[in-house]
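K.L.:
Sending over a structure as structure tokens; questions will come in a sec.
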Amino acid sequence: MAHATVFDSTNKGTLRPNKDPLRKQGSAFKPMQLPQFGWEITLPEDVSPDDPITLFTIYYIPKIIDLIYLICYREIYIYLAIRIYMSLHIDNKIADYWITKNMIPEYLITKYLSRNRFQELHIYIRFHGNQEQGPYKKVKAFSTHIQEVNLGIWKPGRDLAINKIIIRFEGRSKETTTVPNKPIPTGYKVWEAAQRGFLLVWNWHIPGQKNGPVGVCTLRELGGIIKAGNGGNKIQVVVLHLIKRLPKLPKGSGYYIYLNNLFVSTRFIQYTRSQGVAITGTCRTTGRVIKELLDLQKSDKKDVIPWGETYSRYTPNGEVYYRVLRLRKRPKETSSKAKTARIPFGNQATKILSIPVIADGYNYHMGAVDEFDHLTAQNAGLRYVERGGHQVLEHWLLRTVLINCYLLALCSDVPEPREISFRSQQDFRRQLVSALLAKGRDSKICPKRRISQISQGAKQVPVESHELVKMAKRGYCVACKGLRYRDRPRKRVALSEIASNRGRESSKYSSSFGCKQCDVHLCNYNSCFDIFHEEK
């Protein structure tokens, strides 16, 4: 375990600061002077914030769709439309959307794609080849593309929030984390940087004492080893790792990051200050806080410190004491600190109060990641998944794209009246579903092809160069599915044995041969090899 840290109760891959309080302190504190600048949305010329389909296709570009082998655009757009529609109208099972009896609602969208075809697409459609291992690597290409698009169209402002979320998954996976007493107790942990609910960049996490945030190396100044980059508190370093992926700012400017008590310690804040990054956040008693403040916190357990009283170090210009006026609601009698917090309100339900600038900024900006979670919870559309962790991550990436598209349409500076109007995220998704169906109908029709697990490198080799070789294991032929063409029931001849009584001449067979380039099993006789490659 790293020096001056303690394992988090959830897993040993998450560390918290653990150091004695500061007994010595300076006489003055000089806050960082970072100029204020807001976020900007820059969309391509052919993209309109009033057209949901153009926003959506910024993320699902042909380059990404082409990662799905042998699927035409027509089916992809219809499949995605049904997936989004299912997030608006949740049913118990996927098959229930195609049932038209027993007093079950009828969903007209299912007429665009049959149940069997949708389930086949839903099982096998993946943005990776069968050479990738692990859930994070399988979604790496798509995840990286989404983050690049985010930073290209949303220029972040000064104030950002960094926090963690859990993506629900309760199947077998070494990457899952369990956090008791949380709305989502088990799943994949993700570190995220967000602004106004718009998710900019993120980093995956693997639990375990020797793991932690993926691809993060600890700096020497924070206790890391020079060569390996291990040791130290990687949970603090992931903040700097996410900030470095944001656009670089001119000299004299910097980002203002809001954090919770998982990250904050005096050593970490001193280092980020030297890097031009300002930090505001809550902290634990083990975060090397000034002992005087800890004594005040202990004395206030009985709620004796008056509301609005501020304790801080002296600042030359009094920046810490700056205040803003905000309309506040009177707390309930059962809320914490209600004894002193209700006094300024008197008999009024609401009142304009003077709030310290530091506390006001934290209240308004720290919840950026929580805003994303709130928008996700409105239309989650995620069923109970126990197999295929990468499927859960791909569905989360789809939800991230939908929420970001909605925020781009909502926050873009468009003169009134707008071409389209949507009162909520649900309205936006309904319009997107209609646009995807229309785009699917207008796309080129291609022959329907059964999906199979085909090697990513098969496209790069001409069909004439594909070879029929002996495979390592036996498997069913993907062309005839183990039923030899000569074994299938033949048409009954007059006055001969009934075909149903005769049956097939042999049972289901498996083959030891297959295509070396496609990495699929094929029969080594008849015409299965030629038929399979003709369909390409």
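K.L.:
Can you name the number of the only condition in (1) in contact with a strand residue (DSSP E or B) (Cβ under 9 Å, 6 or more places away or on another chain); (2) assigned by the TED database to the domain that holds residue 401; (3) open to solvent by 60 Å² or more (accessible area, probe 1.4 Å) that residue 92 fails?
P.N.:
Going through (1) in contact with a strand residue (DSSP E or B) (Cβ under 9 Å, 6 or more places away or on another chain); (2) assigned by the TED database to the domain that holds residue 401; (3) open to solvent by 60 Å² or more (accessible area, probe 1.4 Å) one by one, residue 92 breaks only (1).
K.L.:
Let me ask something additional. Criterion first (touching a helix residue (DSSP H, G or I) at 6+ places or on another chain (Cβ under 8 Å) and at pLDDT below 90) does residue 34 satisfy it?
P.N.:
Spelling it out, it is not the case that residue 34 is touching a helix residue (DSSP H, G or I) at 6+ places or on another chain (Cβ under 8 Å) and at pLDDT below 90.
K.L.:
Which of the numbered conditions does residue 196 fail, given that it passes all the others? Conditions: (1) open to solvent by less than 10 Å² (accessible area, probe 1.4 Å); (2) on the phi > 0 side of the Ramachandran plot; (3) more than 15 Å from the chain's Cα centre (by Cα).
P.N.:
(1)
K.L.:
Quick check on residue 163: is it assigned to a helix (DSSP H, G or I) and at pLDDT 85 or above?
P.N.:
Values: assigned to a helix (DSSP H, G or I): no; at pLDDT 85 or above: yes.
No.
K.L.:
Quick check on residue 452: is it under 25 Å from residue 119 (Cβ atoms) and either in a helix (DSSP H, G or I) or modelled with pLDDT of 85 or more (or both)?
P.N.:
no
K.L.:
Still on this structure: Give me the pairs: first residue in segment 271-291 and over 18 Å from residue 252 (Cβ atoms), second residue charged (D, E, K, R) and assigned to a loop (DSSP other than H, G, I, E, B), beta-carbon distance under 6 Å, and six or more apart or on different chains, which are they?
P.N.:
291/23
K.L.:
Residue by residue through segment 233-245, note down the ones that are open to solvent by 10 Å² or more (accessible area, probe 1.4 Å), more than 16 Å from residue 286 (Cα to Cα) and touching a helix residue (DSSP H, G or I) at 6+ places or on another chain (Cβ under 8 Å).
P.N.:
240, 245, listed by residue number.
K.L.:
For segment 40-79, how many residues are among the hydrophobic types (A, V, I, L, M, F, W, C) and farther than 17 Å from residue 141 by Cβ?
P.N.:
9
K.L.:
Tell me, yes or no, whether segment 253-264 has at least one residue that is in contact with a strand residue (DSSP E or B) (Cβ under 9 Å, 6 or more places away or on another chain), at pLDDT 85 or above and within 25 Å of residue 139 (Cβ to Cβ).
P.N.:
no
The values are calculated or read from the model by the stated rules, or taken from the named source; none is laboratory data. As the structure is a prediction and not an experimental result, all values here were calculated from the model. Every residue, glycine as well, gets a Cβ built from its backbone with ideal geometry; the counts of neighbours run over all protein chains shown. Note: accessible area is taken over every heavy atom of the protein model, side chains too, but ligands, DNA and RNA are not part of it. Shrake-Rupley method; radii C 1.70, N 1.55, O 1.52, S 1.80 Å.
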